[in-house]
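Chemist: Dumping the structure here so I can ask a few things about it.
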Amino acid sequence: MKKLVVLLFIISFISGFSQGDLSISNSLPKTYFKKPLNIPLVLSGTFGELRTNHFHAGLDIKTEQKEGLKVYASANGYVSRIKISLWGYGKALYITHPNGYTTVYAHLSKFNPIIEKYIKQKQYKKESFEIQVFPKSNELPIKSNEIIAYTGSTGGFVGPHLHFEIRNTKTEKPINPMLFGVTIKDNIKPTINTLIGYSLSDSSAINQINTPVQIPFKKLKNGNLLATKINAIGTISFGINAFDRLNNAANKNGLYDLKMLVNGKKQFEFIASTFSFSESKYINLLIDYKRFEELKQRIQKCFIEPQNKLSLYKTPNNGYITIKDGLNYTVKIIASDFKGNKRTITIPVQGKKLPILVKPEVSTTPYKIDYTKFSKFTQNGVTIAFPKNTFYNNLYLKFDVSDTLAKIHVPTVPLNKKFTLTFNVSKYNQEARKQLYIAYVNENGSTSYQPTVKKDSTFYTRTKKLGNYKLMTDSIAPTIKLKNFKDKQWLTHYNYLKVKINDEGSGIKSYRGEIDGSWILMEYNVKKGMLTYNLNDKKFNTAKHQLKVTVTDNVGNKTIVNSTFFRKKL
C-alpha cells in the first residue's frame, strides 16, 4: 500500500510581512510546499471557523483517519514549547523561527526520538503525564524538513488529524496559514442556509416584527440567492448561517470573508486573518447566541454588538442599517472563501412605517442586573455573585432554588466573565460533605462535574455558563481493569501494559502508576479510558515485578489495584 507522508510547509519567510494589512500579497512570506508522492493537501478545518466559545486558530489537515504519519518542520528554528495535556491540543509542539514566527503542531501521537527522550525525562522528574516546558533556544534546534513528530488524535474526543498554526512569536497571535501561500484545491462556492433579520432598536421592525425574523429566499440561475422583499423601518441588520466546502472533503468549513453592502456601499466586513486568543470570547457576540443554544445553528451577524471588541472586523462601520420611510434599499451579503469563490444573497428592503405587531416579551424579577455593577443574590442557601461586566447588557435575572437545585436564568445569555455560585452545606455532616460536589445540569438532565472548592460550610464554583446547577453525592469509587494482561502473567515479550479506568460519578481527578515502588509514565487516552505504559521505558534486572495503579475521583474516592507480573531480562 502506498505510504502517506504528512507534509507541512517549508516556509522561506521574508521580512516585511505586514500584520496591519494582511491583504497585501507582496508583503507575504514566500512559501514552498512539499508534496511527497504528489498527495494533495486536504483540510477538515480552516482558520477562523466558528467553534464553541472560540475561533479555530489554524488548519486541520486530514490524515486519512490514520495515526503515526510523519510531520516535517516548516523551517529552521528551535523547539520553544512542548505541552502535553489530556484535553485541548493533546501533545503539541511549538517551533520558534528566527524571522518572528512560531509554528504549532497539535494532536500528535509522539515526537521524534530526540524530543521524546527530552520530554520523558521532564515527565519522570515531575511524575506527571501532563506537562508544559519551555526549552532554551540551544536545547532542541530544528532544521527545515526535519521529522519532528507523528500525527495522532490526542487531546480529548478528536479524530486523527494534524492541527497546524502560524503565530506571531512576539504577540502570540495566530495568523491564517493560507496567507503564507498554502495551496488548497477549492472551486466550490460557500453555501448560505439561513437568513435572519434583526431589529436593533425598540422602534424598528422587519415586516412589523421587532424580534429576529427568518427571511425566505430563492436560488437564481447563476447560483446566487434572492430574498423575499421585506418592509422595514428604523435600525436593522442581518445575519446568515453559512459554510464552505473544499474539494475532496465533505467537512463544513468556515468563511474567510463575510461582507455586507447597502446600496453598493460597504457597511460591514469580517475577514478571518488574525486575532488574539483573548478575543475569542467575543465569538458569542458575533453569533446569535440564543439561537445557537436553542437550535444549535450558528448565525453569523453582519453587525457589531456594542461590547464586541473583535479585531477580525475590517470596516469603519458597524453594520447597522438605518431604514427610512418611503425609501428603497438593496442589501447584498457576500460570503467568500479564501480562494475567492463567492455566494451572494440580495435582500430588497422597502422603508415603510407600519404598526409593530410583535415585540419581545419583557418580564421583571426581583433580581435586576446592572451589568456595569457588582451584583449578589441569595436564596435558600444558594448565593450567586456577578462581578461588574459579567453580562453584556442589563437584564432581569431569573433565579430559583429548590432543594439542592439552583436555576440561574437560562443558558441562552452569553457571559463576559465567570460568576461565583456558592452552596451552603452546613446541614450536611463532615462525612457527607466529603462526597458532595457541584454539577451542571444540561437540558437533557445529564450532569457534569464543576470544579468545586470546599471551605468549611460552603462549597463554591466559578463558571461562565448560566443554567441549572445542583449539589450531588458521589460515593462510588473509580474502576480499574487490567486490559491486555492478567495478574501473575509473564510479559517478557510485551511492549505495553494497558489498564482501563473509569468513574461514573464526579469523574477522574488523578491517577498514578508505579512499578516496584517507582512512578511510571502511563499515557491516558480519555476517549478510550485507557492508561498505557511503555515497558521499554524501564530496565528490568529481575524477573518478578509489582504494578500498582491508583485512581482518584473528584471527591476523593480512591481505588488501588496491585498486580504481579514477570519479565525476563532481555
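Chemist: Looking for whichever is free of Cβ contacts under 8 Å to residues at least 40 places away in the same chain, of a type in the set (D, E, K, R) and either open to solvent by less than 30 Å² (accessible area, probe 1.4 Å) or farther than 24 Å from residue 207 by Cβ (or both) here; the options are 259, 266, 296. Which one fits?
Modeler: Every option except 296 fails the conditions.
Chemist: For the stretch 390-432, give me each residue that is open to solvent by 30 Å² or more (accessible area, probe 1.4 Å), in a strand (DSSP E or B) and among the aliphatic types (A, V, I, L, M).
Modeler: Matches in the stretch 390-432: 395, 405.
Chemist: Can I ask one more? Whether any residue in the stretch 464-484 is closer than 20 Å to residue 155 by Cβ and among the charged types (D, E, K, R) is what I want to check.
Modeler: no
Chemist: Could you check how many residues of the stretch 244-303 are among the charged types (D, E, K, R) and more than 18 Å from residue 198 (Cβ to Cβ)?
Modeler: Adding up the residues that qualify gives 9.
Chemist: Sticking with this one: Take the conditions touching a residue at least 12 places away in the same chain (Cβ under 8 Å), more than 27 Å from residue 160 (Cα to Cα) and in contact with a Pro (Cβ under 9 Å, 6 or more places away or on another chain) and apply them to residue 491. Does it pass?
Modeler: Spelling it out, it is not the case that residue 491 is touching a residue at least 12 places away in the same chain (Cβ under 8 Å), more than 27 Å from residue 160 (Cα to Cα) and in contact with a Pro (Cβ under 9 Å, 6 or more places away or on another chain).
Chemist: Condition check: closer than 26 Å to residue 360 by Cα, touching a helix residue (DSSP H, G or I) at 6+ places or on another chain (Cβ under 6 Å), at pLDDT 95 or above and surrounded by 18 or more Cβ atoms within 10 Å (Cβ to Cβ). Does residue 291 satisfy that?
Modeler: no
Chemist: Also: In the stretch 370-416, which residue that is free of Cβ contacts under 8 Å to residues at least 24 places away in the same chain and among the basic types (Lys, Arg) is nearest to residue 473 (Cα to Cα)?
Modeler: 376
Chemist: Next question, about the same structure. Please find, among 196, 192, the residue that is touching a helix residue (DSSP H, G or I) at 6+ places or on another chain (Cβ under 8 Å) and either among the small types (Gly, Ala, Ser) or crowded, with 18+ Cβ neighbours inside 10 Å (or both).
Modeler: Exactly one of 196, 192 is touching a helix residue (DSSP H, G or I) at 6+ places or on another chain (Cβ under 8 Å) and either among the small types (Gly, Ala, Ser) or crowded, with 18+ Cβ neighbours inside 10 Å (or both), namely 196.
Chemist: Among what's in the stretch 299-327 and is closer than 20 Å to residue 51 by Cβ and charged (D, E, K, R), pick the residue that is most open to solvent (accessible area, probe 1.4 Å).
Modeler: Looking at the filtered set, the residue picked out is 309.
Chemist: Can you name every one of the strands (runs of 3 or more DSSP E) wholly within the stretch 257-374 that holds 1 or more residues which are touching a Lys or Arg at 6+ places or on another chain (Cβ under 6 Å) and of a type outside the set (Lys, Arg)?
Modeler: Here the list reads 257-262, 265-271, 328-336, 342-351.
Chemist: Quick one: is residue 537 among the charged types (D, E, K, R) and under 30 Å from residue 432 (Cα atoms)?
Modeler: no
Chemist: Something else now. Filter the stretch 199-218 down to residues that are open to solvent by 20 Å² or more (accessible area, probe 1.4 Å), in a strand (DSSP E or B) and over 15 Å from residue 290 (Cβ atoms), then give me how many there are.
Modeler: Here the count works out to 3.
Chemist: Give the residues of the stretch 234-256 that are in a strand (DSSP E or B) and open to solvent by 20 Å² or more (accessible area, probe 1.4 Å), sorted by residue number.
Modeler: 235, 241, 242, 243
Chemist: Which of the residues that make up the stretch 433-475 are open to solvent by 70 Å² or more (accessible area, probe 1.4 Å), assigned to a strand (DSSP E or B) and of a type in the set (Ser, Thr, Tyr)?
Modeler: 473
Chemist: If residue 31 meets every condition in (1) among the β-branched types (Val, Ile, Thr); (2) at pLDDT 95 or above; (3) closer than 22 Å to residue 176 by Cα apart from one, which number is that one?
Modeler: (2)
The values are calculated or read from the model by the stated rules, or taken from the named source; none is laboratory data. If you're wondering where the values come from, they're calculated on a predicted model, not measured in any experiment. Every residue, glycine as well, gets a Cβ built from its backbone with ideal geometry; the counts of neighbours run over all protein chains shown. SASA here: full protein model, heavy atoms, side chains in, ligands and nucleic acids out. Shrake-Rupley method; radii C 1.70, N 1.55, O 1.52, S 1.80 Å.
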